[in-house]
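I have placed the structure first, in the form of structure tokens, so that the comments after it can refer back to it.
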Amino acid sequence: SLVMMKKSRLSLLLLLLLLDGCGESAPDEEVILGEIRSVQHFELTEMELTESFVIRGSGTTIEGIRSLSEAADYVDNLLRPGDRIGVYSFTHTAIAYLDLSRLSTDKVRVEGKKVWLTLPPVEVKLAGRSPTLEVLHERVTGTKRPITSEERKKLQDEASRRTTARLRSGSATYDLLCRRGERQATAYFSGLLHARGYEMVHIAFDRHE
């Protein structure tokens with residue numbers, strides 16, 4: 001009958017609405033989390049850190065002599081006529097970044113057109129294992145011994161040691177990189193979320209434990 005047909009159509013309509021509700025898109029928090037986590041390693045800013053050294057004369061200090069043969073080489077080179085000088089710089093690139101794979105579900109909250117996002121703390125690392133060497137000046141005259149690769153390697157190791165010390169947590173350089181990274185991340189994610197239609201975006205950062 002007509003009444004039965006109308007009831008059947010109404011039942012079918014309600015069923016379709018329920019099925020549509022069951023298959024609706026994930027909550028906004030999950031969508032935002034998924035997009036941000038997919039980036040994983042997000043590099044924010046970088047800074048070049050340079051250490052410079054001079055080799056002059058023998059290139060060896062008295063404190064650096066550890067054996068009789070080194071002492072003999074030092075005295076021998078010191079007495080040779082001529083000049084011996086090398087000026088070198090070693091440059092590392094430090095990078096501030098976020099490990100977004102660590103973002104947990106409680107770090108995003110959405111209320112209508114407002115969103116609160118708490119990002120992991122900014123991390124700092126060195127790019128590559130060795131610094132870039134630049135020979136600023138090198139001159140060996142007379143009978144002085146040439147400046148060796150071993151001498152440059154010692155300077156490179158010292159440059160790496162000093163740069164690592166400059167980047168220890170709490171140092172001025174470390175803090176500067178973290179602040180720059182936080183500004184970059186805040187600008188990026190604020191722009192991203194505003195573009196998604198959120199009118200109020202609040203970005204915060206977790207702190208290192």
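Details
- Each of T132, A195, T173 was placed along the dipole of the stretch 123-199 (beta-carbon charges, centred on the mean Cα), and the one lying farthest toward the positive end is T132.
- These residues, F90, F42, go from largest to smallest accessible area, 1.4 Å probe, as F42, F90.
- Neighbours of S101, meaning other residues whose beta-carbon lies under 15 angstrom from its beta-carbon, give a summed charge of -2 when Lys and Arg score +1 and Asp and Glu score -1.
- Eligible aspartates and glutamates near K125 by straight Cα distance, threshold 16 Å, same-chain separation 8 or greater: E43, E46, E48, D99, D175, E182
- The stretch 109-141 and the stretch 80-99: distance between their alpha carbon centers, rounded to Å: 19
- Counted by Cβ distance under 14 Å from L33, the other residues give a net charge of 0, where Lys and Arg count +1 and Asp and Glu count -1.
- The residues L167, L119, L136, L176, sorted by heavy-atom accessible surface at 1.4 Å with ligands and nucleic acids left out, run L136, L176, L167, L119 from largest to smallest.
- Evaluated at q = 0.24, 0.28, 0.30, 0.33 Å⁻¹: base-10 log I(q)/I(0), Debye formula over Cα of the stretch 158-207: -0.86, -1.00, -1.06, -1.14
- For the residues M47, M200, a 1.4 Å probe over the protein chains yields an accessible-area ranking, largest first, of M200, M47.
- Candidate aspartates and glutamates for bridging to K114, where Cα separation is under 19 Å - those fewer than 8 sequence places away on the same chain excluded: D28, E29, E30, E35, D106, E199
The values are calculated or read from the model by the stated rules, or taken from the named source; none is laboratory data. Source: prediction; values computed, not measured. Cβ sites come from the backbone with ideal geometry, for glycine too, and all protein chains shown count toward neighbours. Remember, those area values only see protein heavy atoms, side chains included, never the ligands or the DNA or RNA. Shrake-Rupley method; radii C 1.70, N 1.55, O 1.52, S 1.80 Å.
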